[in-house]
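This report concerns only the one structure given below.
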Amino acid sequence: MALFIYGTATNTGKGFFTHADRRNFYLSGQPADVWVVGNNEKGALWLAEKNGVEKTKTEAQALVTAEVTAAQEAWDALSDEQKTMRDRPSQITLP
Amino acid sequence: MTTYPQIKGLRVKYLSADPATSEDGQVWYNSTTGNLRVDGMVLAAAWASGGALGTARNSLAGAGTATAAIGFGGYIPPNTGTTEEYNGTSWTEVSDLNTARRELAGFGTQSAAIASGGYTSPSPIGITESWNGTSWSEVGDLNTGRFSLTGFGTSTAGLVFSGNTPPFDTATAITESWNGSSWSEVGDLNTAVRSGAGSGTSTAGLSYGGISTAITTQTESWNGSAWTVVNAMNTARRGLSGSGTQTSTLASGGIKPALSNNTEQYNGTTWNTAPTLSTARQLAGQGGSSSSSATYFGGAAPSSTAVTEEFTGASTQTKNITTS
């Protein structure tokens, strides 16, 4: 069985995930509103309750990669001076 | 069969209500609710989501506590003077900084804060502004204009240190003390650093993380006149945020060089790993009073985000004992 469930859901702020949620299952927020959730009953229920749209890992990775690529392109357009202020964003590989 | 009295040496008390005071591990029967109760069950520390910032941005400054925080300045892009206050549930926009900027230092409380230094294209600045709970007023400039600097203290007794001075990737060890109206240069850090974090008061503080010649774990302790190197963090990071006191600090996020969701707690002697943020990011704001209470907001993940997370440290609670 896969270790994680992948999906998109909009972070609605306070109460979107609670301290108890974080204690009960793996939860990781990624760019493009992608969430990686532990593949167990509580994790699946959380994603469903948040009106999450389940994605395959490949689909979720594509969304993340597209957003990071856009950030990289924005960094590439900065002046040399401003590029020294922060590193070029690195691509993210989902677990 | 072994019984509770044989193990514990005591019988389980039969009480009509939970005792007013109890010890960790104490067990009793509550005859009113019909529950077998135990005290001292550990509830692990964790981050939870908080209300989103009104303006997604990174490189902002934060001050105040977890439930009465203030975030100001930052980079949307462009640079902004946007100021928002957090009440533990949601953010409310208030009066902007007079000078929009990013990578500034901020300290104080929600009703009395200081914004100092930062970057306004094309150069670092030393402009300092004072917040009175309603509006920002320009006060005395830093002696050395710089960005990616850190500060802690109150609006009448503060400290800023470290930072980035021209040419652009040059870290500094300069430390300046704020007396409520002007800045005075005091003892330098042992190691020049930029994009680090700090917490504490003008007489008892900490500097940690950042980048000197490389991303660092170095931690230095301030005693009101000089810095001393103390035990290092576990994970080297720059662009991290921090809050708390010299003996109870929480350090969150950053970049190492991948975006970091690491959280560490400092107890006055050592750094200990704490539960991770849900969203890895750098250059966020943070408000908080100790290693067990903080709000971490905004940042670059890698684009500007409005996400807020709230940290609550481990605690103990009384629970029912069940067989399921």
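Kindly evaluate A:Ala70 against the criterion of being farther than 20 Å from B:Ser303 by Cβ and within 9 Å of chain B (Cβ to nearest Cβ). Steps first, please.
Working: farther than 20 Å from B:Ser303 by Cβ: no; within 9 Å of chain B (Cβ to nearest Cβ): yes.
Criteria not met by A:Ala70.
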For B:Thr235, indicate whether it is in a loop (DSSP other than H, G, I, E, B), surrounded by fewer than 24 Cβ atoms within 10 Å (Cβ to Cβ) and of a type in the set (Ser, Thr, Tyr). yes
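Of B:Gly62, B:Gly71, B:Gly25, which residue is at positive phi and either in contact (Cβ under 8 Å) with a residue 24 or more places away in the chain or part of a loop (DSSP other than H, G, I, E, B) (or both)?
Working: B:Gly62 fails: at positive phi; B:Gly71 fails: at positive phi.
Just a single option satisfies the conditions, and that option is B:Gly25.
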Scan of segment A:76-94 for residues that are within 30 Å of A:Phe4 (Cβ to Cβ) and at pLDDT below 90, ordered by number: A:Arg86, A:Asp87
State yes or no: is B:Gly224 assigned to a loop (DSSP other than H, G, I, E, B) and either over 30 Å from B:Pro302 (Cβ atoms) or not polar (S, T, N, Q) (or both)? yes
Requiring at least 1 residues that are in contact with a Leu (Cβ under 9 Å, 6 or more places away or on another chain), the helices (runs of 4 or more DSSP H) wholly within segment A:24-95 are A:41-49, A:57-76
Of all residues in segment B:3-57, count the ones that are exposed (fewer than 12 other Cβ atoms within 10 Å of the Cβ), touching a Lys or Arg at 6+ places or on another chain (Cβ under 8 Å) and within 14 Å of chain A (Cβ to nearest Cβ). 0
Inspect segment B:92-107 for any residue being modelled with pLDDT of 95 or more, part of a loop (DSSP other than H, G, I, E, B) and within 14 Å of another protein chain (Cβ to nearest Cβ) and give the result as yes or no. yes
Can you tell me how many residues in segment B:267-314 are facing chain A (nearest Cβ under 10 Å), touching a Ser or Thr at 6+ places or on another chain (Cβ under 8 Å) and not in a loop (DSSP other than H, G, I, E, B)? 8
Checked segment B:141-179 for anything surrounded by fewer than 18 Cβ atoms within 10 Å (Cβ to Cβ), of a type outside the set (A, V, I, L, M) and under 26 Å from B:Ala68 (Cβ atoms); matches are B:Thr154, B:Thr156, B:Asn179
Please determine, by comparing only the residues of segment B:186-216 that are β-branched (Val, Ile, Thr) and buried (at least 17 other Cβ atoms within 10 Å of the Cβ), which one is nearest to B:Ile174 (Cα to Cα). B:Val186
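Quick one: would you say B:Pro257 is crowded, with 23+ Cβ neighbours inside 10 Å, touching a Ser or Thr at 6+ places or on another chain (Cβ under 9 Å) and outside the structural domain of B:Gln26 (by TED's automatic domain parsing)?
Details: crowded, with 23+ Cβ neighbours inside 10 Å: no; touching a Ser or Thr at 6+ places or on another chain (Cβ under 9 Å): yes; outside the structural domain of B:Gln26 (by TED's automatic domain parsing): yes.
Here the answer is no, as B:Pro257 does not meet what is asked.
The values are calculated or read from the model by the stated rules, or taken from the named source; none is laboratory data. Fair warning: this is a prediction, and the values are worked out from it, not measured in the lab. In this analysis, Cβ positions are derived from the backbone assuming ideal geometry, glycine residues included, and neighbour counts consider all displayed protein chains.
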